[in-house]
1. Looking only at the range 163-197, how many residues end up being in a strand (DSSP E or B), within 26 Å of Met103 (Cα to Cα) and in contact (Cβ under 8 Å) with a residue 40 or more places away in the chain?
2. Take Ala101 and tell me if it is small (Gly, Ala, Ser) and either at positive phi or modelled with pLDDT of 95 or more (or both).
3. Of all the residues that make up the range 84-106, how many are farther than 19 Å from Ala24 by Cβ and either of a type in the set (Val, Ile, Thr) or surrounded by 16 or more Cβ atoms within 10 Å (Cβ to Cβ) (or both)?
4. Look through Thr158, Thr136 and report the one residue that is closer than 21 Å to Thr196 by Cα, surrounded by fewer than 18 Cβ atoms within 10 Å (Cβ to Cβ) and either within 17 Å of the chain's Cα centre (by Cα) or in contact (Cβ under 8 Å) with a residue 24 or more places away in the chain (or both).
5. Considering each of Asp55, Asp46 in turn, give the residue that is more than 16 Å from Ile6 (Cβ to Cβ), in a helix (DSSP H, G or I), open to solvent by less than 70 Å² (accessible area, probe 1.4 Å) and of a type in the set (D, E, K, R).
6. Any idea which of (1) touching a residue at least 60 places away in the same chain (Cβ under 8 Å); (2) open to solvent by 70 Å² or more (accessible area, probe 1.4 Å); (3) among the aliphatic types (A, V, I, L, M) is the one Ile66 doesn't satisfy?
7. Would you pick out the residues in the range 139-181 that are under 24 Å from Glu33 (Cβ atoms) and among the aromatic types (Phe, Trp, Tyr)?
8. How many of the residues in the range 109-162 are farther than 16 Å from Pro10 by Cα, among the aliphatic types (A, V, I, L, M) and not in a loop (DSSP other than H, G, I, E, B)?
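The values are calculated or read from the model by the stated rules, or taken from the named source; none is laboratory data. Predicted, not measured: the structure shown is a model, and the values here were computed from it. Please note: Cβ atoms are built from the backbone with ideal geometry, for glycine as well, and neighbour counts cover all protein chains shown. Surface areas here come from the heavy atoms of the whole protein model, side chains and all, with no ligands, DNA or RNA. Shrake-Rupley method; radii C 1.70, N 1.55, O 1.52, S 1.80 Å.
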Amino acid sequence: MQQHEIRVMPMRAFESDVHREAAAVFVDGYYPELSFLSKDRETLIDAFRKIICADVFYVATLDREIVGILACSDNRMRAMKIDPAIWRQAFGFVKGTISYAVMKGEFNRPLTYPDDTGYIECVATAVSARGKGVSTALFRHVLENARYRRYVLEVVDTNETACRLYKKLGFAEIERKKERFSKLKGFHERIYMSFTK
């Protein structure tokens with residue numbers, strides 16, 4: 001069996017602009033949740049490529065191809081900031097305006113955690129690389145190298161694979177919140193988990 005080397009590095013450390021590649025992994029990872037914006041993958045990639053904040057993203061490569069992403073945000077910067085003008089241009093005036101109003105709380109809301117806490121979000125692995133340890137490599141790199149003492153993340157109750165991975169990495173559940181419009185969104189609760197060094 002051939003071994004492949006997974007390399008993880010901060011997105012800002014790349015010599016070339018990899019926003020599009022990171023956005024493609026994000027869109028593929030979250031397509032079921034994003035498809036209400038557009039069924040066209042390229043339209044979604046183009047919109048998300050414009051709002052990724054490279055300063056908080058880590059990227060995993062496998063055989064020199066970007067196959068995984070993870071953002072470690074904090075109380076100063078989030079992973080993505082949705083811009084209403086970009087949203088309207090990408091998805092049309094009506095859909096762009098409505099989806100911005102719905103999504104801005106998810107993406108643009110400042111975090112209230114203390115300075116020593118990192119918030120892990122936007123974790124995704126390309127379909128072609130799933131099951132190869134990409135997410136585990138991303139988490140281990142961040143937990144070993146980022147400057148925070150404590151890490152918090154949230155995961156939806158239907159994502160059992162992610163819940164198992166996070167528990168295996170040492171995260172413990174700290175809170176559950178019931179989700180409004182759960183039937184529409186396809187999950188019932190958000191599970192908050194924490195890891196302390």
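1. 3
2. no
3. Residues in the range 84-106 being farther than 19 Å from Ala24 by Cβ and either of a type in the set (Val, Ile, Thr) or surrounded by 16 or more Cβ atoms within 10 Å (Cβ to Cβ) (or both): 8 in total.
4. Working: Thr158 fails: closer than 21 Å to Thr196 by Cα.
Just one listed residue meets the conditions, Thr136.
5. Working: Asp55 fails: open to solvent by less than 70 Å² (accessible area, probe 1.4 Å).
Result of the check over Asp55, Asp46: Asp46.
6. (2)
7. The answer is Phe139, Tyr151, Tyr166, Phe171, Phe181.
8. Adding up the residues that qualify gives 7.
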